[in-house]
Amino acid sequence: MAAPKPEEVIHPPMDQLQGLEYCIDSNPSWGEAVFLGFQHYILALGTAVMIPSFLVPYMGGNDGDKVRVVQTLLFVEGINTLLQTLFGTRLPTVIGGSYAFMVPIISIIHDSSLASIEDPHIRFLNTMRAVQGALIVASSIQIILGYSQIWAICSRFFSPLGMAPVIALTGFGLFDRGFPVVGRCVEIGIPMLLLFVAFSQYLKNFHVRDLPLLERFAFLISIIVIWAYAHLLTASGAYKHHPELTQLNCRTDRANLISSAPWIKIPYPLQWGAPTFDAGHAFGMMAAVLVSLVESTGAYKAASRLASATPPPAHVLSRGIGWQGIGILLNGLFGTLTGSSVSIENVGLLGSTRVGSRRVIQISAGFMIFFSMLGKFGALFASIPFTMFAAAYCVLFGLVASVGLSFLQFTNMNSMRNLFITGVSLFLGLSIPEYFREYTAKALHGPSHTRAGWWNDFLNTIFFSSPTVALIVSVFLDNTLDYKDGARDRGMPWWDKFRTFKGDSRNEEFYTLPFNLNRFFPPS
């Protein structure tokens with residue numbers, strides 16, 4: 001048997017992923033784009049409902065308060081997504097609520113001056129105003145780092161080797177929101193997971209009028225089928241004698257969103273009253289803003305590959321971070337109860353559908369704004385059991401993580417230095433946050449537990465985030481361990497040409513501002 005030729009053995013690195021149907025600036029038909037946008041909207045509902053559903057009761061809020069917070073969060077998500085796709089990185093990314101802000105927000109909820117308020121509604125309003133004030137102050141971090149181009153300067157220390165663990169852990173680091181949540185109601189979670197995989201992968205060649213219907217709308221079709229199945233189980237009394245926690249995760253009538261939602265309600269700034277400001281609260285929230293910055297940086301890199309674009313140049317990435325800071329400021333002004341970052345699940349959906357079109361994401365933003373004002377209709381979709389979203393996350397988070405690992409193709413993975421950096425960064429990025437989670441679950445407070453609450457919030461928030469830990473470890477090791485002689489091994493010859501706007505001719509096609517605004521803000 002003849003020896004294989006080198007080209008039959010080696011798979012050359014590729015700047016852009018192959019097999020994508022629509023890239024960032026190519027668009028499907030309007031009908032298809034509308035349905036794809038609606039699919040992204042439905043997917044974004046998972047986090048938009050889960051965060052307020054968890055936090056509002058702790059604050060003393062009722063079901064009506066929860067619905068208003070969900071509506072407000074979706075409304076601001078729509079605005080922030082439009083701003084980011086028009087003037088920020090211009091990548092097809094949904095800007096949604098972030099779990100990175102949970103630690104400082106829970107700390108504010110437990111603040112003695114707020115927790116001691118006896119009237120639940122007054123406690124809810126005062127806590128909301130305190131969170132708003134902290135978000136408004138903390139948003140200045142991203143605004144300054146973004147618009148001053150400081151984050152662009154910091155990105156000079158990034159390489160494909162250093163960023164691969166960061167991008168990978170934007171997906172892998174969310175493992176606790178995948179199958180552990182599916183396991184809370186396996187009756188609907190596992191069928192949802194199997195159906196989503198079957199439609200998006202095994203039946204992807206099923207075409208209707210040249211449209212790969214099942215692949216393109218796998219998530220939407222799966223949600224409809226399993227939601228109807230879950231409603232049938234609920235109506236038949238299948239969960240009548242089950243524990244309360246099982247009923248909460250399985251039944252379709254336990255969200256109490258539809259009955260509590262108004263028919264029409266338009267969110268507006270300062271709707272909860274004037275924000276209150278506390279230095280300790282704001283400092284703890286700044287750590288969450290830094291975490292969302294790191295996680296979004298990894299997500300932008302992943303989205304650029306799944307949209308068949310070049311990696312965003314340094315100044316474009318920094319511009320996007322600046323607009324994200326504006327988004328967090330809007331979160332604070334409107335009172336969404338959390339800050340903003342890139343929605344990882346929606347980035348994964350770009351790969352699942354093979355559609356990275358910017359227009360589709362902008363249409364999804366329109367759905368967010370529209371249904372957030374029509375309360376009853378929005379609440380209907382928001383009442384989908386979260387277990388079904390978690391089943392889809394098992395696939396979508398994994399897709400994003402694999403995109404991060406794909407950056408290793410530009411490095412020399414036969415180098416012991418590179419193997420050491422990659423392995424240690426991935427392991428510590430998973431292991432350190434897991435230690436912080438387990439410690440908090442047992443002790444009911446984080447490992448950092450000094451008298452300075454702001455310092456505790458800062459450290460606990462930073463080390464709860466897998467991508468942030470990975471960034472600290474990988475970038476430090478990559479820039480201190482034999483870095484002078486390892487530029488080629490680190491993938492820098494490939495990376496350097498994308499650092500500046502004029503380094504690659506394709507950047508102008510992907511990242512130029514609309515409405516001829518580049519005349520006033522020339523790219524660097």
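The values are calculated or read from the model by the stated rules, or taken from the named source; none is laboratory data. These numbers come from a predicted model, not from an experiment. Cβ sites come from the backbone with ideal geometry, for glycine too, and all protein chains shown count toward neighbours. Accessible surface is based on the protein model in full, side chains and every heavy atom, while ligands, DNA and RNA are left aside. Shrake-Rupley method; radii C 1.70, N 1.55, O 1.52, S 1.80 Å.
What order do you get for 182-195, 395-408 when each peptide is scored by the mean count of other beta carbon atoms within 10 Å, highest first?
395-408, 182-195
Convex hull over the Cα atoms of the range 344-417, averaged projected area in nm²?
Mean orientational projected area (the range 344-417, Cα hull): 7.1 nm².
Considering every Cα-Cα pair within the range 88-241, what fraction, in whole percent, is farther apart than 25 Å? It would help to have the intermediate numbers written out before the result.
On the way: 7247 of 11781 pairs.
Counting every Cα pair in the range 88-241, those more than 25 Å apart make up 62 percent.
Tell me the net charge near Gln71. Cut-off is 15 Å between Cβ atoms, Gln71 excluded, with +1 for each Lys or Arg and -1 for each Asp or Glu.
Counting the neighbours of Gln71, the net charge comes to +1.
Bin all alpha-carbon pair distances of the range 383-524 at 10 Å intervals from 0 and give each bin's fraction as a whole percent.
9, 24, 26, 26, 13, 1
Tyr439 accessible area, nearest 10 Å², 1.4 Å probe?
Looks like 80 Å² after rounding.
Which whole-angstrom value gives the distance between the alpha carbon centres of the range 216-288 and the range 17-66?
Value for the Cα centre distance between the two parts: 13 Å.
What is the ratio of the Cα radius of gyration of the range 431-475 to 2.2 N^0.38 Å, where N is its residue count, to two decimals? Display every interim value, and only then the final one.
Working: Rg = 10.8 Å, N = 45, 2.2 N^0.38 = 9.3 Å.
Its radius of gyration relative to the 2.2 N^0.38 Å reference: 1.15.
Taking the Cα centroid of the range 328-407 and of the range 96-160, what is the distance between the two, rounded to the nearest whole Å?
20 Å
Please report Rg (one decimal) and Dmax (integer) in Å for the Cα set of the range 238-304.
Considering the range 238-304 through its Cα atoms, Rg and Dmax are 20.0, 51 Å.
Determine the calculated [θ] at 222 nm for the chain from helices alone, applying -39500 (n - 2.57) to every DSSP H run no shorter than 4 residues and normalising by the residue count; nearest 500 deg cm²/dmol.
Mean residue ellipticity, 222 nm, calculated: -20500 deg cm²/dmol.
I'd like to know which of Gln149, Thr252, Leu408 lies farthest towards the positive end of the charge dipole of the chain, counting +1 on Cβ of Lys and Arg and -1 on Cβ of Asp and Glu.
Most positive-ward Cα: Gln149.
Over all directions, how big on average is the projection of the convex hull of the alpha-carbon atoms in the range 291-372, in square nanometres? Mind dumping the intermediate values first?
Working: hull surface 23.1 nm².
Answer in nm², one decimal: 5.8.
Starting from the residue with the highest accessible area, list Phe175, Phe476 in decreasing order, probe 1.4 Å.
Sorted descending by solvent-accessible area, the residues read Phe476, Phe175.
In whole Hz, what ³J(HN,Hα) sequence does the range 504-514 give by Karplus (6.51, -1.76, 1.60; θ = phi - 60°), x for Gly and Pro?
9, 5, 6, 4, 4, 5, 8, 10, 5, 5, x
Quick test of your reading: applying the under-4.7 Å Cβ rule, which cysteines of the chain are isolated?
Cys23, Cys154, Cys394
In a Debye calculation with equal point scatterers on the alpha-carbon sites of the range 23-141 and no solvent, what is log10 I(q)/I(0) at q = 0.15, 0.18, 0.20 Å⁻¹?
Summing over Cα pairs of the range 23-141 leads to -0.77, -0.99, -1.15.
To the nearest 20 debye, what charge dipole does the range 30-405 have about its Cα centre, counting +1 at the Cβ of each Lys and Arg and -1 at the Cβ of each Asp and Glu?
Computed charge dipole of the range 30-405: roughly 780 debye.
When only C-alpha pairs under 8 Å and at least 6 residues apart count, what is the relative contact order of the range 30-405, in percent?
It rounds to 40 percent for the range 30-405.
Might you work out the accessible area of Trp227 for me, using a 1.4 Å probe with all protein chains in place, and round it to the nearest 10 Å²?
60 Å²
So for the range 206-331, what are the equivalent ellipsoid semi-axes in whole Å, largest first, each being the square root of 5 times an eigenvalue of the Cα gyration tensor? Walk me through the intermediate numbers first.
Working: eigenvalues 268, 171, 49 Å².
Over the Cα atoms of the range 206-331, the semi-axes work out to 37, 29, 16 Å.
When every alpha-carbon pair in the range 185-265 is counted, what percent end up more than 21 Å apart?
Here the long-distance tail beyond 21 Å is 44 percent of all Cα pairs in the range 185-265.
Calculate the length of the line joining the C-alpha centroid of the range 197-211 to that of the range 441-456, in whole Å.
With the range 197-211 and the range 441-456 each reduced to a Cα centre, they are spaced 50 Å.
Order Tyr300, Tyr229, most accessible first, counting only protein heavy atoms with a 1.4 angstrom probe. Can you show the working numbers first?
Numbers: Tyr300 0, Tyr229 90 Å².
The most accessible residue leads, giving Tyr229, Tyr300.
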